[in-house]
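Before any comments, here is the structure.
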Amino acid sequence: MLRIRLRRVGAKKKPQYRIVVAEARTPRDGAAVDVVGHYNPRTEPATVQIDEAKAREWLRRGASPSERVARLFSKAGIQ
């Protein structure tokens, strides 16, 4: 089962996240099938960059978003 979720990148105590499509059983920072966008919660306001075409395509293929990604998608008007 594929999940659209956040993958942590960035330095210690300075998190940034990539929005990735990954197998549900892989670790948080494990291998990803595709990168859909990125999210930086440290900026004011938080920076969210999403490739809408890729996101919609993966949702159509049956990938389910995590709770946080679902909120980010709803703010961006994707879901």
Checklist outcome for this item: Picked from the stretch 1-24 (must be more than 19 Å from Leu59 (Cα to Cα) and of a type in the set (Gly, Ala, Ser)), the residue surrounded by the fewest Cβ atoms within 10 Å (Cβ to Cβ) is Ala11
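Keeping to the stretch 8-52, report how many residues are within 22 Å of Gln79 (Cα to Cα), outside any loop (DSSP other than H, G, I, E, B) and hydrophobic (A, V, I, L, M, F, W, C). Write out each step before concluding.
Within the stretch 8-52, the first condition is being within 22 Å of Gln79 (Cα to Cα), and the residues that meet it are 17-24, 32-41, 45-52.
Filter once more, keeping what is outside any loop (DSSP other than H, G, I, E, B): 17-23, 34-40, 47-50, 52.
Still in the list and also hydrophobic (A, V, I, L, M, F, W, C): 19-22, 35-36, 48, 50.
Going through the stretch 8-52 one residue at a time, the tally reaches 8.
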Next on the checklist: For the stretch 28-79, which positions are within 13 Å of Leu2 (Cβ to Cβ) and of a type in the set (Ser, Thr, Tyr)?
Outcome noted: Ser64, Ser66
Item to check | Test: residue in the stretch 63-71 that is modelled with pLDDT of 95 or more, surrounded by 16 or more Cβ atoms within 10 Å (Cβ to Cβ), out of contact with any strand residue (DSSP E or B) (no Cβ under 7 Å at 6 or more places or on another chain) and not polar (S, T, N, Q) | outcome: no
Checklist entry - Taking the condition at negative phi and part of a loop (DSSP other than H, G, I, E, B), does Glu57 pass? => result no
Item to check | Flag if Lys75 is modelled with pLDDT of 95 or more and either part of a helix (DSSP H, G or I) or not hydrophobic (A, V, I, L, M, F, W, C) (or both) | outcome: no
Checklist outcome for this item: Among Pro27, Pro41, the single one that is surrounded by 11 or more Cβ atoms within 10 Å (Cβ to Cβ) and either at negative phi or at pLDDT 95 or above (or both) is Pro41
Item to check | Close pairs from the stretch 3-15: first touching a residue at least 40 places away in the same chain (Cβ under 8 Å), partner assigned to a strand (DSSP E or B) and among the small types (Gly, Ala, Ser), Cβ under 8 Å, at least 6 apart | outcome: Arg3/Ala22; Arg3/Ser64; Ile4/Ser64; Arg5/Ala22
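The values are calculated or read from the model by the stated rules, or taken from the named source; none is laboratory data. Remember, predicted model here, so these are calculated numbers, not experimental data. With ideal geometry, Cβ positions are generated from the backbone for all residues, glycine too; neighbour counts draw on all protein chains shown.
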